[in-house]
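S.K.: To start, I am sharing the structure in question, which I have written as C-alpha cells.
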Amino acid sequence: MGHTAGHVQSLLLGVILLMLAAFCIALQIISEVQQIQRKLVEDQLEKIKEILYSTEYQKIWAQQNEYGDPQQLG
C-alpha cells in the first residue's frame, strides 16, 4: 500500500503530455482552416481583379466622369 507514490509523477507527466498533444492537434486544425480560408480569399481577390481590370470594364470606366455618371458627349 505504501509503494504507490512513485507512480503519481508518471501519471501527472502522462496527463500533461496528453494535454500537450491535444493542444498541438487543435493548433494544427486551426492552422489548416486558416490556410484554406486564405487560399479562398486570394482566389476571390484574383477573380475580382480579373473582372475589374478587363477591357470591357476599362471601356466603361473611360466613358464615366469622376462621379461615375456617363459623360455627355453632346
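The values are calculated or read from the model by the stated rules, or taken from the named source; none is laboratory data. Note that the structure is predicted; figures quoted are calculated from it, not measured. Backbone-built Cβ (ideal geometry, glycine too); neighbour counts: all protein chains shown. Surface accessibility is based on the protein's heavy atoms, side chains included, excluding ligands, DNA and RNA. Shrake-Rupley method; radii C 1.70, N 1.55, O 1.52, S 1.80 Å.
S.K.: To the nearest 500 deg cm²/dmol, what mean residue ellipticity at 222 nm is calculated for the chain from DSSP H runs of n ≥ 4 alone, each contributing -39,500 (n - 2.57), summed and divided by the residues?
M.R.: Helix-only estimate at 222 nm: -27000 deg cm²/dmol.
S.K.: Now for a separate question. Provide the gained length on full extension for the span D69 to V8, in nm with one decimal, where the gain is 0.36 nm per separating residue minus the Cα-Cα distance.
M.R.: Extending this stretch completely gives an extra 14.2 nm.
S.K.: Here's a follow-up. Among E56, E46, E32, which one shows the biggest mean-square fluctuation in a GNM of the chain, springs joining Cα atoms closer than 10 Å?
M.R.: Maximum among the listed residues: E56.
S.K.: Could you give the dipole magnitude of the chain about its Cα centre, charging the beta-carbon of Lys and Arg +1 and that of Asp and Glu -1, in debye to the nearest 20?
M.R.: 340
S.K.: Once R0 is set to 30 Å, what does the formula 1/(1 + (r/R0)^6) return for the Cβ-Cβ distance between I29 and S54, expressed as a FRET efficiency to the nearest 0.05?
M.R.: About 0.20, to the nearest 0.05.
S.K.: Could you tell me which of I25, N65, V8 has its Cα farthest along the dipole of the chain towards the positive end, charges placed at Cβ (Lys, Arg +1; Asp, Glu -1), taken about the Cα centre?
M.R.: Final value for the positive-end residue is V8.
S.K.: Same structure again: How much accessible area per residue does the chain have, counting only protein heavy atoms and a probe of 1.4 Å, in square angstrom?
M.R.: Ligands and nucleic acids excluded, the result is 99 Å² per residue.
S.K.: Just one of (1) 15, 18, 15, 13, 11, 9, 8, 6, 4, 1, 0; (2) 18, 35, 25, 14, 7, 1; (3) 17, 47, 29, 7, 0 is P(r) over Cα pairs in 10 Å bins from 0, in percent as worked out from the coordinates here. Which one is it?
M.R.: It is the value labelled (1).
S.K.: Let me ask you something else. Probe radius 1.4 Å, ligands and nucleic acids ignored: give me the carbon and sulfur share of the accessible area of the chain as a rounded percent.
M.R.: The C+S portion of the solvent-accessible surface of the chain is 65 percent.
S.K.: Round to the nearest 10 and give me the degree value, 0 to 90, for the angle of helix 5-52's Cα axis relative to the longest principal axis of the chain.
M.R.: Helix 5-52 and the main axis of the chain meet at about 10 degrees.
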